[in-house]
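Okay, structure first, notes after.
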Amino acid sequence: MEKPRILIIEDNVDTRRFLEAMLAKEFEVIVAENGVIGIDYARNKQPDIILLDIMLPILSGYDACSLLKKDEKTSRIPVLFLTAKNSIADITHGLAAGADDYIPKPFDYKELLARIKTRLRKSTDEVAQPIVIGDLKIDQANREVLFAGKRAQLTLTEFDILRCLAAKAGAVVSRDEILNDVWRDDSQKTNDRTIDVHIRALRRKIPSLTKHIISIYGVGYKYEL
């Protein structure tokens, strides 16, 4: 059985070597020391997941992530930011750039490994039939979203949150339910403000969702029919 392929984009030599040595036990590892090389590797080597630093030479991690998510060849590859920039503003910026997860340095290797495996598992899970609600169509097999016939460019996490809400359309979905459904084993380690960031991104990318995704104060969200 082939090992999953992971791309590490990290300019710090010590961190890069540590990650490469540890992850090579379970993954095929590709390393890049800057975002330009990393994007080239992502396009041509098609990794299953990308670990991306933010403070990189030539091209910042934010810009690299944004370019990866806009490229048809790489848009569906999960991107995990692994960075020392860990303020709420940094996390918001990173998620807005399209990252699927955000892990601050210094990091616990076991937690990092768990997050990686969670993302890989979500990418290979058996999928159900499409969800169709009015103008919204969620193609779970291809992880695509159409609204009024127009395809939306969503990150994997944005897709999962929208799927979670749409699958329970008309019902209130608590923050805990969203965390458990989308982040699974890592739900206890994820700040629920992250949900709000992704919801804002969904409303920005599909403006019509503003009238459908309703905030329920103190509880969670509801997809209004």
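The values are calculated or read from the model by the stated rules, or taken from the named source; none is laboratory data. The model shown is predicted, which means the values in this text are computed figures rather than measured ones. Don't worry about glycine lacking a Cβ; one is built from the backbone with ideal geometry, like all the others, and counts go over all protein chains shown. For the accessible areas, the whole protein counts, side chains as well, though only heavy atoms, and no ligand, DNA or RNA atoms are used. Shrake-Rupley method; radii C 1.70, N 1.55, O 1.52, S 1.80 Å.
Descriptive notes on the structure:
- All positions within the range 28-40 that are open to solvent by 10 Å² or more (accessible area, probe 1.4 Å) and in contact with a strand residue (DSSP E or B) (Cβ under 9 Å, 6 or more places away or on another chain): E28, V29, I30, V31, E33, N34, I37, I39, D40
- Residue in the range 54-70 that is of a type in the set (K, R), over 15 Å from A201 (Cα atoms) and in contact (Cβ under 8 Å) with a residue 12 or more places away in the chain present: no
- Any hit, the range 158-174, residues being crowded, with 17+ Cβ neighbours inside 10 Å and hydroxyl-bearing (S, T, Y): no
- Positions within the range 8-51 being among the basic types (K, R) and either part of a loop (DSSP other than H, G, I, E, B) or touching a residue at least 24 places away in the same chain (Cβ under 8 Å) (or both), in sequence order: K25, R43, K45
- Scan of the range 20-38 for residues that are over 11 Å from E10 (Cβ atoms) and either in contact with an Asp or Glu (Cβ under 8 Å, 6 or more places away or on another chain) or not β-branched (V, I, T) (or both), ordered by number: A21, M22, L23, A24, K25, E26, F27, E28, V29
- Residue tally, condition without any contact (Cβ under 8 Å) to a residue 24 or more places away in the chain and over 17 Å from L95 (Cβ atoms), over the range 147-167: 3
- Selection count, the range 93-108, where residues are in a strand (DSSP E or B) and open to solvent by 30 Å² or more (accessible area, probe 1.4 Å): 1
- The range 191-219, residues that are hydrophobic (A, V, I, L, M, F, W, C) and open to solvent by 20 Å² or more (accessible area, probe 1.4 Å): I214, I216, V219
One line per residue, one yes/no per condition, for (1) assigned to a strand (DSSP E or B); (2) at pLDDT below 85; (3) surrounded by fewer than 18 Cβ atoms within 10 Å (Cβ to Cβ):
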site: A64; (1), (2), (3): no, no, no
site: K69; (1), (2), (3): no, no, no
site: S75; (1), (2), (3): no, no, yes
site: F81; (1), (2), (3): yes, no, no
site: I91; (1), (2), (3): no, yes, no
site: K110; (1), (2), (3): no, no, yes
site: A114; (1), (2), (3): no, no, yes
site: R121; (1), (2), (3): no, yes, yes
site: L146; (1), (2), (3): yes, no, yes
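- Residue selected from the range 175-190 under the condition open to solvent by 70 Å² or more (accessible area, probe 1.4 Å) and polar (S, T, N, Q), by the criterion modelled with the highest pLDDT: N180
- Scope the range 41-62; condition surrounded by 16 or more Cβ atoms within 10 Å (Cβ to Cβ) and over 15 Å from N12 (Cα atoms); matching residues: Y41, A42, P47, D48, I49, I50, Y62
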